[in-house]
1. Tell me whether region 80-145 comes out rounded, prolate or oblate; compute the Cα gyration tensor, take square roots of the eigenvalues as a ≥ b ≥ c, and use a/c under 1.5 as the rounded threshold.
2. Among 72-79, 144-151, how do they line up by average Cβ neighbours within 10 Å per residue, starting with the highest?
3. Peptides 88-97, 129-138, 110-119: what's the order by average Cβ count within 10 Å, highest mean first?
4. So how many Å³ per residue does the convex hull of the Cα atoms of region 25-100 work out to?
5. Can you report the principal axis dimensions of region 28-154 using only the alpha carbons, biggest first, rounded to whole angstrom?
6. What ³J(HN,Hα) values, in whole Hz, does the Karplus curve 6.51 cos²θ - 1.76 cosθ + 1.60 give for region 78-92 when θ = phi - 60°, with x put for Gly and Pro?
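What follows is calculated from the coordinates using simple rules that are stated; it is not laboratory data. Model, not experiment: these values are computed from the prediction. Cβ placement follows ideal geometry from the backbone for every residue including glycine, while neighbour counts extend to all protein chains displayed.
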Amino acid sequence: GFAKVLPLLLAAGMVFAYRRLRANAEELVLFALGLLAAIPGVGPGYAPQYFYWFLALIPLALAVTDSQVVRRSLVWFSALAIATDIIEYAMFSSHGRFLVRMFPEPGMFTLSYHLSTRAGQTLVRTPLFISWMIMLHAVFGRGFRSLLERRAAGHSAAEPALPVSAS
């Protein structure tokens, strides 16, 4: 179902943006980041290792975009992803709960037990998923806005949007 169709739709969107709309470097990086981040973010499932799919594109996106909204959303998302991963591996029994092993006290076991439940995991991961959706909205929004603005102005990716002076 959805798990099989989503990657195909995302890949088709990238091909369309590149071939039909002549996406520029910023747009292609943002679309690639958005597409790879969307699969675990809104797709069939979440696991911390899925960050590796798109992690290298975050600094690249920061380098190619001038959008402060995109930059802020990427920084907040990255910070929350790091904090969430630390909490998961420190406290979730399914992730090894290294902090409980370092401090094997009754209170730590109790906290780890509660955070390891479905409700606890949801509580820990909710800020990450909110920032994930905000990041995806910013990334795709900037990419599509840029494409549409250039298209309305009659510019392709190969030609600059503004005249370059010869000085």
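1. Details: a/c = 4.67, a/b = 2.95, b/c = 1.58.
Here region 80-145 falls in the prolate category.
2. Working: 72-79: 17.8, 144-151: 15.0.
So the order, starting with the most tightly packed, is 72-79, 144-151.
3. Details: 88-97: 16.6, 129-138: 18.2, 110-119: 13.8.
Ranking the peptides 88-97, 129-138, 110-119 by packing returns 129-138, 88-97, 110-119.
4. Values: hull volume 6.5 nm³, N = 76.
Enclosed volume per residue, from the Cα hull, is 86 Å³.
5. Each principal axis gives a Cα extent; for region 28-154 these are 66, 25, 20 Å.
6. The phi angles translate into 4, 4, 5, 5, 5, 4, 5, 4, 4, 5, 4, 6, 7, 10, 6 Hz.
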